Every structure is written in structure tokens, then in C-alpha cells.
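What follows is calculated from the coordinates using simple rules that are stated; it is not laboratory data. From a predicted model like this one, the values you see are computed outputs, not experimental measurements. All Cβ positions, even for glycine, are placed from backbone atoms using ideal geometry, and neighbour counts span all protein chains on display.
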Amino acid sequence: MRCALLPIQIDRLWLKARHKPLLRDISVTIKGDGITVIMGPNGAGKSLFIRCLHGLSQPDSGAINFAGTPLNSDIRQRQALMFQKPILLKRTVQQNLAFVQSLRADILMADIERVLEQVGLRHLAKQPVKQLSGGEQQRLALARALLLRPEMLFLDEACANLDPASVGQIESVLLEASNRGQKIILITHDIAQAKRLADDIVFLHHGQLWEHSPADRFFTRPASEQAQAYLDGQILI
């Protein structure tokens, strides 16, 4: 199925802080139900960009439309955002998901068991969150997001500094979600991870869009010198 929120049309997006431009005149259309990966050096504006798409940051000017509709509360409820450091309740794994269930009448216990199985945490359902590893906590955050059945899932460096097993588990779940028609928009510095997951790449530098292209083209024939330098491991200033 196709996600009803697509395409995302961003037109001349500007965001400033103390008169300093942080996002500069970004115009791009994100299509398809695949996985879009946002890349660029530190300070490129990647996190600010997806915060704008999720409504957590307000641009100074420009337009963001989802299938022709401006971002609104209904669209936000159909999205989910995962951060690099998950914010979890100081309870058990299952109680964290039961809290989400209490907010939505259409979420059943079977749904909780299903997402725990997806992220490989079913055997830790009764475990207090404080006893989980960093990778297990992030997988719990992913389970919580999936429990909401979002049509669009944003991840801001959600796999950074995790153990390989957790990274592999999360990537597998994201690919499955994408195959089911959920739109995934992922920020990562890990070029290998981007190659494994991405259908298309949005490359930002100094708050500007330098390139948006299919992943295979980006990694073999990047259109900008900045993108090539980034892929070559050079320090971009």
C-alpha cells in the first residue's frame, strides 16, 4: 500500500536562530514508501530538518505539505519520532508499552506481544528499564513507536553507539516496516548503514540541500563535490 501522507513537499524552507540561518532555502520533494536517509556532517541541519517535518520546530518561512496538506495535528498523530537517547518510563518493558496502550483504545495486548517479538524483547517483558542495555532501551523505544502504527517514522541517529546486535535488529525491523508501506526517514552518519537501508539520500551541508538522489547514484556518482568529499571521509568546514 502507499502511505497517504506522501509525497512530502518542502518549499523554500528557512529557519533562523538569532538571525543566523540554520536551514537555508530548502526545497525538496520526498516521494515513495521506501527509506529516505538524511546525511551530512555535524551541524548540517539534519535534526532541525526532521524536527520541522514533525512539527517540533517552526520554520521562519517556507511551506511543508504532506500530500498537499499543510502539517497539522492530525498529520502529527500519524507520525512518530525516535531520538538518539530514548525517553522511557522508569517501569518495566511491558509497562512502557501498556502506557501507550492506555492512550489508544485500538491497541490490544496482542499488539504489545507482536512488537516485543519484532524487536527481540519478548523475553525481557518484565524487566525494569534501568536494567536494559542501551541497545535494548532503543529497541524498546522502537517497539513503542511501532505500537502507534505510524504511517511515517522519523529516526534521529537512533542507532548511534549501539551494539551490533541491536543495530541489526533495528535495521531488520525498519526494512520490514518499509515493506509494509510505512515511510521511514532516517538520519545516520554511518555510510555502511545508509548503503544497507536507503532508497534515496538527502544530503545537507551548512543548512543547505546539496543533493537528493537515489541511493545507488549517490554512493557511486554523487552530483556535488561536497557529497563526494563527505563520502571520501574528508572534513567539511
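Values computed for the structure shown
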item: Relative exposure of K85, K130, judged by other C-beta atoms within 10 Å (fewest first); result: K130, K85
item: Contact order relative to length of the chain, as percent, for alpha carbon pairs under 8 angstrom and 6 or more apart; result: 28 percent
item: Taking R12, R144, R196 and counting other C-beta atoms within 10 Å, the order from fewest to most; result: R12, R196, R144
item: Residue-averaged [θ]222 nm for the chain, counting only DSSP H segments that reach four residues, each worth -39500 (n - 2.57); result: -10500 deg cm²/dmol
item: Rounded to whole Hz, the Karplus (6.51, -1.76, 1.60) HN-Hα couplings of region 110-118, x for glycine and proline; result: 4, 5, 4, 5, 5, 6, 4, 5, 4
item: Residues with amide H under 5 Å from that of T92, placed H, sequence gap 5 or more; result: V129
item: 5 angstrom amide H check on I38, placed H, neighbours 5+ away; result: L186, I187, T188, V202
item: Mean Cα-pair separation over length for region 85-149, i.e. relative contact order, pairs under 8 Å, 6 or more apart, %; result: 49 percent
item: Counting DSSP beta bridges with both ends in the chain, the antiparallel % (nearest 5); result: 55 percent
item: Using θ = phi - 60° and Karplus 6.51 cos²θ - 1.76 cosθ + 1.60, couplings along region 184-199 (whole Hz; Gly, Pro as x); result: 10, 10, 10, 8, 8, 9, 7, 4, 5, 5, 4, 5, 6, 10, 6, 8
item: Long-range amide H partners of D25 with built H, under 5 Å; result: L13, W14, L15
item: Qualifying aspartates and glutamates (Cα of each under 17 Å from Cα of K90; at least 8 residues distant if same chain); result: E136
item: Span from the region 37-79 Cα centroid across to the region 144-187 one, whole angstrom; result: 18 Å
item: Calculated from backbone phi, Karplus (6.51, -1.76, 1.60) coupling profile of region 74-84 in Hz, x at Gly/Pro; result: 5, 5, 4, 5, 9, 10, 9, 10, 10, 9, 5
